[in-house]
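A short worksheet on the structure shown next.
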Amino acid sequence: MRKITIAIDGFSSCGKSTMAKDLAREIGYIYVDTGAMYRSVTLYALRHQLFNEDGSVKTSELEKEMPNIKISFQLNKETGRPDTYLNGECVEQEIRSLEVSSHVSPIAAVPFVREALVAQQQNLGKDKGVVMDGRDIGTTVFPDAELKIFVTASSEVRAQRRFDELKAKGMPADYDDIKKNVEERDYIDTHREVSPLKKADDAIELDNSKLTIAEQKEWLISHFNHIV
Ligand code: C5P
């Protein structure tokens, strides 16, 4: 069977990663969570005081640090899913915190950060057989992807999902703070100059507000089967 590239883009916390991970496992493809890469750069920037008091990024200092930021993925044998590593340290849990979520969109709007991460993402997917999720996969990273999905859901549904996810992991969570964060990230992600979040013309839109995980999976597999 021929291998293809699958791009899954959409708004924050709309369940893209769950869909993408499940699909990749089912069809034996590599899964790449590009949000985790922007989150890892953000964690590094937080640890190295690379934010100004107003939350903006100290860009010239970050630019100097970029060569010291190495992001990789390793399969977690227990979960069967890849964990994110920052300079050899597993940061899978820490990058999901609200602190990182609150600082990630300004980092993702910095052109040299996007350039470096997009190059790494293109390299990870160069042999096809990849499911990649993010904001600009179908528009910038792999504009020729054979299957492009654009996922949406209401901000209430998305905030509730993120709240449930953090609670399940025993991490602190406040629904109102999360909803505010989800909406702020949507705004910055759709309004930034470089690769703003937008549906690629040839992407198929999926509003999953009312779908179960099993229903989404079925929907996705049927589109995949239709192409290969
Ligand atoms: O997908 P996730 O919510 O983990 O992404 C975190 C943030 O990283 C997004 O809000 C967005 O600012 C940024 N991002 C991006 N481009 C991608 C993936 C994520 O700008 N391809």
Taking the Cβ-Cβ separation of residue 76 and residue 119 as r and a Förster radius of 22 Å, what is the calculated FRET efficiency to the nearest 0.05? 0.30
Tabulate in residue order the Karplus-calculated ³J(HN,Hα) for segment 148-155, using 6.51 cos²θ - 1.76 cosθ + 1.60 with θ = phi - 60°, rounded to whole Hz; enter x for Gly and Pro. 10, 10, 10, 9, 9, 6, 5, 5
If the only charges are +1 at each Lys and Arg Cβ and -1 at each Asp and Glu Cβ, what is the size of the charge dipole of the chain around the Cα centre, to the nearest 20 debye? 540
Calculated log₁₀ intensity ratio I(q)/I(0) where the Debye formula runs over C-alpha points of segment 5-227, q = 0.15 Å⁻¹: -1.01
Name the residues whose placed amide hydrogens come within less than 5 Å of the amide hydrogen of residue 147, ignoring near sequence neighbours (fewer than 5 apart) on the same chain. 5, 7
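Sorted by mean Cβ packing within 10 Å, highest first, what order do the peptides 181-191, 166-176, 142-152 take?
142-152, 181-191, 166-176
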Please give the contour-minus-distance gain from residue 193 to residue 1: 0.36 nm per residue of separation, less the Cα-Cα distance, rounded to one decimal in nm. 65.2 nm
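Which order do peptides 215-223, 76-84, 52-60 fall in by mean Cβ count within 10 Å, highest first?
Going from most to least packed, we get 215-223, 76-84, 52-60.
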Can you give me the Cα centroid spacing of segment 1-31 and segment 90-113 in angstrom? 21
Quick one: 3J(HN,Hα) in Hz for segment 220-228, Karplus 6.51/-1.76/1.60 with θ = phi - 60°, rounded, Gly and Pro as x. 5, 5, 5, 5, 5, 4, 5, 8, 7
Please enumerate, by chain and number, the lysines with C-alpha under 29 Å from the C-alpha of residue 210, excluding those fewer than 8 residues away in the same chain. 16, 21, 148, 167, 169, 179, 180, 198, 199
In deg cm²/dmol and to the nearest 500, what is the mean residue ellipticity at 222 nm of the chain if only DSSP H runs of at least 4 residues count, each as -39500 (n - 2.57), divided by the residue total? -14500 deg cm²/dmol
Cα-derived Rg over Rh, computed across segment 89-141 with Rh taken as Kirkwood radius: 1.00
So who's got an amide H within less than 5 Å of the one on residue 31, skipping anything under 5 residues away but keeping other chains? H placed 1.01 Å off N, in plane. 131
Give the long-range amide H neighbours of residue 152: residues separated by 5 or more places, or on another chain, with amide H under 5 Å away, using H modelled in the peptide plane at 1.01 Å from N. 206, 207, 208
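Laboratory data are not the source of any read-out in this text; all were calculated from the coordinates shown. If you're wondering where the values come from, they're calculated on a predicted model, not measured in any experiment. All Cβ positions, glycine included, derive from the backbone under ideal geometry; neighbour counts span all protein chains shown.
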